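Novice: I have a structure here, written as structure tokens, and I will follow up with some questions on it.
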Amino acid sequence: WFSEHGTPKEQSLILLYLGRSYAEDGEYNHAMTTYTKGMNIAEKYSLFDISGLINSYMGDLYESKGMIELAIDKYKTAADLFLKDSNKKSYACALRDCGRSYARIDSIEKAINILLQADSIANEIDNPNVKASIANTIPLWRNQLVLSLGIEHTRRSLDAQNTLANKTNELLLKNSET
């Protein structure tokens, strides 16, 4: 009914909800096809907020399938669309999702820069839920970075210890031969 009689906004929203339903049921191809149809309608009629939501959900779908680069592209597109619509709350959340995805592919510097940008927007709009979701994202990846650095330092220390042990053994062998 909505596809024939609904407004473009109603049509794109119905396709968004139908896509979410397909995604929840594990029907990723149907979800992506439905999202694309909804996005085409939303873009045609400059429904930036709805188009941003659809791009965010497409990013979530890509991320769940391990296609992180595609997810990042969708989150960036969503952020741009939310900014056009002056929807700062969704803009901050799209940046958060983008930063989280960068951290998943070990682009920690990009992740931190984007998450700090999202954090400043969250502070500006003073929405406690958005602030909390971003605050919980930053420490998680900071801890991962600290662990990664600690592992790297440990590996270097073990390499140095092994090199030192090998040199010591060589010297002991050399001295025992003379």
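The values are calculated or read from the model by the stated rules, or taken from the named source; none is laboratory data. A quick note: this is a predicted structure, and the numbers were derived from the prediction, not measured. Methodologically, a virtual Cβ is constructed for each residue, glycine included, from the backbone with ideal geometry; neighbour enumeration extends over all protein chains shown. With ligands, DNA and RNA removed, areas are computed over all heavy atoms of the protein, side chains included. Shrake-Rupley method; radii C 1.70, N 1.55, O 1.52, S 1.80 Å.
Novice: I need a count of the residues in the range 38-53 that are within 22 Å of the chain's Cα centre (by Cα), within 16 Å of Leu83 (Cβ to Cβ) and among the aliphatic types (A, V, I, L, M).
Specialist: The total comes to 2.
Novice: Also: Being outside any helix (DSSP H, G or I) and in contact with a Ser or Thr (Cβ under 7 Å, 6 or more places away or on another chain) is the filter here, so list the residues in the range 87-140 that pass it.
Specialist: Once the filter is applied, which keeps residues that are outside any helix (DSSP H, G or I) and in contact with a Ser or Thr (Cβ under 7 Å, 6 or more places away or on another chain), the range 87-140 yields nothing.
Novice: Restricting to the range 121-134, count the residues that are exposed (fewer than 13 other Cβ atoms within 10 Å of the Cβ) and not aliphatic (A, V, I, L, M).
Specialist: 4
Novice: Yes or no: Tyr17 open to solvent by 50 Å² or more (accessible area, probe 1.4 Å) and touching a His at 6+ places or on another chain (Cβ under 8 Å)?
Specialist: On the way: open to solvent by 50 Å² or more (accessible area, probe 1.4 Å): yes; touching a His at 6+ places or on another chain (Cβ under 8 Å): no.
Judged against the criteria, Tyr17 is not a match.
Novice: Looking only at the range 66-86, count how many residues are in contact with a Phe, Trp or Tyr (Cβ under 8 Å, 6 or more places away or on another chain) and either crowded, with 20+ Cβ neighbours inside 10 Å or not in a helix (DSSP H, G or I) (or both).
Specialist: Result for the range 66-86: 7.
This table checks each residue for (1) under 23 Å from the mean Cα position of the chain (by Cα); (2) closer than 18 Å to Lys65 by Cβ.
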{"site": "Gly6", "(1), (2)": "no, no"}
{"site": "Leu16", "(1), (2)": "yes, no"}
{"site": "Tyr22", "(1), (2)": "yes, yes"}
{"site": "Tyr28", "(1), (2)": "yes, yes"}
{"site": "Ala31", "(1), (2)": "yes, yes"}
{"site": "Thr36", "(1), (2)": "yes, yes"}
